[in-house]
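Structure record follows, encoded as C-alpha cells.
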Amino acid sequence: MERPPSPEPSGPRAGLVLRSVTVRFGGLLALDEVSLHVAPGAVVGVIGPNGAGKTTVFNVICGFVRPAAGWLGLDGAPLTARPHQLAGLGIARTLQGVGLFEGLTVLENVMAGATVSARTPFAAAALALPGSEREERRLRAEALARLDELGVAAHADRMPGTLPYPVRKRVALARALAANPRLLLLDEPAGGLGPEDVAELADLIRGLTCSVMLVEHHMDLVMAVCDELVVLDFGRVIATGTPDAVRDDPVVAEAYLGAEVTA
Amino acid sequence: MARVGLRHLTVTIAGASALVGLTYLLDPFRNYQLATAAAYLCATAGLTLLIGLNGQVSLGHGALMATGAYTVALLPSGMLLLSVAAAVLVATLAGAVVGVAAARLRGPYLAGVTLAVTMVVPAVTTMADAVFHGDQGLSVAAPPAPLWVAPERWQAWQAIAAAAVTLFVLANLLRSRFGREWRAVRDDEVAAQLAGIPVARTQVLAFVVSAACAGLGGAMFAVLAQSVSPSTFSLTLSLYLLLAVVVGGLGSLAGAAWGALLLVLLPDAIHSVTDGLPLGPDLAQRLTGNLPLAVFGLTLVLVVLAVPGGLQGLLVRAVRRLR
Ligand SMILES: Nc1ncnc2c1ncn2[C@@H]1O[C@H](COP(=O)(O)OP(=O)(O)OP(=O)(O)O)[C@@H](O)[C@H]1O
Ligand SMILES: [Mg+2]
C-alpha cells in the first residue's frame, strides 16, 4: 500500500502514535511527555494508580483535551479531530463507568453508536420517505446483532437504568462496537464486574480484530489480553513492554503493583 | 412513503378529519377556540421537542411566534399559503440565529438569552415604528372564507391543517435518527460526541425545527386574529407555552396537544368562575388578567412535584391500569 509522505518526525507508522504528549490542567502536569504506539490489531494496556493520567490519555486522543506540547498521529497523519469526528476516523471509546443515554432504550443506545453510518437527509426523515425507514431498519438489525453478540439482546427494549450493572457495561461496549471501529478505547471495562463477566470480557477482547487500548485496574484481565503495557505514574510513562516484562520491573512494582498489594 | 410514515399520515388525516367534523358541532365561538388551540399546538409541539427531547430551554418562543405573525401581516394578503410559508422561513432563520447562540449556552444562561429575545419584540416594533406601527400593530387581511363555509369554521380548518402538518413532520422526525440524536445529546453530551453526533449542530437543528413550528403557530395567530400587535407576543405568552408543555407532559406530542387545549380553556374557565363571584369590576378585571398565569404557575409546581409526566403521563398510566 502506498502512503503519502508524512509530517511525522521519524517516518510514518501505522496505528496510533503519541509522541511526547504533555497535558497541563492549570498547575497540574497531568501528562508529562507521554509517548506510545498502538499498532494495528494490537491490544495495548495502560495501567497505573488512580489519578495517574490514564483517562487523560484517552481524552487527549479524543480531542476533549488539548495537549500543551507533543504530537498525535493516526496512520501517519496528524490526529487533531474534534470528539464527534473520531467515530468517522474509526476510533470508538467506552467511558469510565457506564455513560449510556438513560432516556434511550438499550437498542436505541446501540443505534446511536452507529450514527457515523446514518445517512438519511433531514427532508427524507421529515417526510418519512422509504429511504429513511430502510436505513432505520438496517441500523436496528445491526444493533440487535451487536447486542446478540454480547448476549444482551433480550434487553433490547428496556431502559438502561432498569438493568443490572454488568448488563449496562455490555450495552456500552455494544454501542462502541456499533461504529465498527479500527481502534477501540476501553476505560475500565471490567470495573464493577464479577469474575465470570471479566472472563467473558477477556474472551471478547481477544476475539476483536481491531486495535484496542485498555485502561484497567483489573490486573488479571490486563495480563490475559494485552500484547503490550504502558505504565503511567503521575503523568509519566515509567515502563513499557510485554506484560511479563512489566510485571517483573521493580520500578513498576514500587509505583503500582506494590501499592495495590497494600491497598 | 414507508410504513411508519404511512401510519403517521393515516393518524394525522384521521385526527384532522375528526376535528373538521367537530367544527360542524361547535358554535362560532367554540370554533374560534378550537382554531386558537390548533395554532397554539403548532408552537407547543415545537417547544416540547426542544425542551423535552433536546434538553434546551427557551423562554423566547413567544418572540419566534411574533416573527411568523409579523411576516404574514407585512406580506400582501393575496396568497395566504405563500405568506405562511414565508413566515415559517423567517422564523426558521430567526431560530437559527438564536439557536447558534443557544448551542453555546447551558442552563440559566440559556434561559437568560432566550428571555432577552422576548424583550426584542416590543423594542423592534417600537423602534421601526414606520414598518410595525409600534404598540398598535398591524392588521391582517386574510383572504375571506369561501361562501359555503362559516368564517370561524374556515379559520378552524386552516389552523387544524397547520397543526396537522406540524404533528406529521414532528412525529416522523422523532421516529428518525434525528429524534434519536436529539435525545442522545440531551442525555449525555460527551457520550453523544463519542458516538459521532456533532452536539452543537444537533442542538441548532432542534432549535431551528422548534422555531419553524413557532413561526407557523404565530402565522396562524395572525390569520385568526386578523391583526398582530406586540402585546400578543409578550413574555406572558412565552411563559404560557412553557407551562403548557410541562403540564401537558414534556417531550410528548400528545402532551403538547393537552397543553394547547389548556391554554385556551383555562383562561375561559377562570373567567366564568370570576364572573360568578360577587366582585367589584375593578378587582374582577385584575383577577382575569393575572389569575390564569397564577393558576398555571401553581399547576406547574404541582405537576413537577407530583406528576413529572404531566397530563399525558397520567393518562398513559390510567389506561395501563384499566387494562
Ligand atoms: N478536566 C480536568 N481538569 C482538571 N484536572 C483534571 C481534569 N481531568 C483530570 N484531571 C486531573 O488529572 C489527573 C489525572 O486524571 P485521570 O482522570 O487521567 O486519572 P486516571 O489515571 O484515569 O485515574 P482513575 O484510575 O482514578 O480513573 C488527576 O489528578 C485529575 O484530578
Ligand atoms: Mg480514569
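Below 8 Å, C-alpha to C-alpha, sequence gap of six or more: please give me the relative contact order for chain A in percent.
Values: 474 pairs, mean separation 67.5, N = 263.
Relative contact order for chain A comes out at 26 percent.
Give me the 1.4 Å probe accessible area per residue for chain B, excluding ligands and nucleic acids, in Å². Intermediate values should be presented prior to the final figure.
Values: 14570 Å² over 323 residues.
Result: 45 Å² of accessible area for each residue.
Could you point to the residue in B:210, B:6, A:36 farthest towards the positive end of the protein assembly as shown's charge dipole, with +1 and -1 charges on the Cβ of Lys/Arg and Asp/Glu respectively?
Result: B:6.
Of A:108, A:136, A:102, which has the most accessible area and how do the rest follow, probe 1.4 Å?
The ranking, largest first, comes out as A:102, A:108, A:136.
Using a basic spin-label model with each label point 7 Å from the Cα along Cα→Cβ, how many nm lie between residue B:14 and residue B:105?
4.3 nm
Å³ per residue of the Cα convex hull, for chain A?
Spread over its residues, the Cα hull of chain A gives 159 Å³ apiece.
Roughly how big is chain B's charge dipole about its Cα centre, with Cβ charges of +1 (Lys, Arg) and -1 (Asp, Glu), in debye to the nearest 20?
Once rounded to the nearest 20, the dipole reads 1280 debye.
Given the options B:136, B:203, B:312, state which has the largest fluctuation in a GNM of chain B using a 10 Å cut-off (strictly under) for Cα springs.
B:136
Hey, with R₀ at 45 Å, roughly what FRET efficiency would residue A:209 and residue B:301 work out to, going by the Cβ-Cβ distance, to 0.05? Let's see the in-between values first.
Details: r = 55 Å, r/R0 = 1.23.
In this case the efficiency is close to 0.25.
Semi-axes, largest first, in whole Å: what does sqrt of 5 times each Cα gyration tensor eigenvalue give for the range B:49-181?
Rounded to whole Å, the semi-axes are 29, 23, 11.
Just need the relative contact order of the range A:152-241 here, percent rounded to a whole number, with Cα pairs under 8 Å and 6+ apart.
Rounded, it is 22 percent for the range A:152-241.
Relative contact order of the range A:104-180, please, whole-number percent, based on alpha carbon pairs below 8 angstrom and at least 6 residues apart.
Relative contact order, the range A:104-180: 51 percent.
Looking at chain A only, what percent of DSSP beta bridges run antiparallel? Nearest 5 please.
Once the DSSP bridges in chain A are tallied, antiparallel ones form about 55 percent.
Under 20 Å from a label point 7 Å along Cα→Cβ of residue B:149: give me every residue in the range B:202-237 with its amide N that close.
Answer for the range B:202-237: B:216-227.
Compute the helix-to-body angle for A:195-207: its Cα long axis versus the longest principal axis of chain A, expressed 0 to 90° and rounded to tens.
That helix lies at roughly 80 degrees to the long axis.
By the gyration tensor of its Cα atoms, with a ≥ b ≥ c the square roots of the eigenvalues, what is the shape of chain B: rounded for a/c under 1.5, prolate for a/b over b/c, or oblate? Numbers along the way, then the final one.
Working: a/c = 1.24, a/b = 1.19, b/c = 1.05.
Taking the square roots of the gyration eigenvalues as a ≥ b ≥ c, chain B is rounded.
To the nearest 0.05, what FRET efficiency results for residue B:272 and residue B:128 with a Förster distance of 51 Å applied to their C-beta separation?
The calculated FRET efficiency here is 0.80.
Where does chain B land at 222 nm, in deg cm²/dmol rounded to the nearest 500, when only DSSP H runs of n ≥ 4 count, each adding -39500 (n - 2.57), divided by all residues?
Rounded to the nearest 500, it is -26000 deg cm²/dmol.
Out of B:152, B:189, B:181, any idea which swings most in a Gaussian network model of chain B, alpha carbons joined below 10 Å?
Comparing B:152, B:189, B:181 in a Gaussian network model of chain B, the most mobile one is B:189.
Once the Cβ-Cβ distance between residue B:93 and residue B:293 is put in as r, and R0 is 30 Å, what FRET efficiency do you end up with, to the nearest 0.05?
Details: r = 30 Å, r/R0 = 1.01.
Efficiency, from the Cβ-Cβ distance: 0.50.
Give the residue list of trypsin sites (Lys or Arg not before Pro) in the range A:122-172 that are DSSP loop and have at most 16 other beta-carbon atoms within 10 angstrom.
Hits after loop and neighbour filter: A:158.
Give me the number: length gained by fully extending residue B:116 to residue B:315, i.e. 0.36 nm times residue separation minus the C-alpha to C-alpha distance, one decimal in nm.
Using 0.36 nm per residue and subtracting the Cα-Cα distance, I get 68.1 nm.
If you restrict to DSSP beta bridges whose two residues both lie in the protein assembly as shown, what percentage is antiparallel, to the nearest 5?
55 percent
Would you compute the Debye intensity of the protein assembly as shown from its alpha-carbon atoms alone, equal scatterers and no solvent, and pass along log10 I(q)/I(0) at q = 0.07, 0.11 Å⁻¹ to two decimals?
The calculated log intensity ratios at q = 0.07, 0.11 Å⁻¹ are -0.53, -1.02.
With each run of n ≥ 4 DSSP H residues scored as -39500 (n - 2.57), what mean residue ellipticity at 222 nm is computed for chain A after dividing by its residue count and rounding to the nearest 500 deg cm²/dmol? Working shown, then result.
On the way: 10 runs with 89 residues, N = 263.
Result for chain A, helices only: -9500 deg cm²/dmol.
Report the dimensions of the range A:104-180 along its three principal axes from the alpha-carbon atoms, largest first, rounded to Å.
So the extents along the principal axes, rounded to whole Å, are 39, 24, 15.
Assuming 0.36 nm per residue, please report the length gained on full extension of the stretch residue A:96 to residue A:50 beyond their Cα-Cα distance.
Separation in residues times 0.36 nm, less the Cα-Cα distance, equals 15.3 nm.
Taking a ≥ b ≥ c as the square roots of the Cα gyration tensor eigenvalues, with a/c under 1.5 meaning rounded and otherwise prolate when a/b beats b/c, else oblate, which class fits the range B:224-284? Don't skip to the answer; put the middle values down first.
Values: a/c = 2.38, a/b = 1.44, b/c = 1.65.
It is oblate, given that a/c is not under 1.5 and a/b is not larger than b/c.
The values are calculated or read from the model by the stated rules, or taken from the named source; none is laboratory data. It should be emphasised that the depicted structure is a prediction, and the values quoted were computed from it without experimental measurement. In this analysis, Cβ positions are derived from the backbone assuming ideal geometry, glycine residues included, and neighbour counts consider all displayed protein chains. Side chains are part of the model used for accessible areas, which takes the heavy atoms of the whole protein and leaves out ligands, DNA and RNA. Shrake-Rupley method; radii C 1.70, N 1.55, O 1.52, S 1.80 Å.
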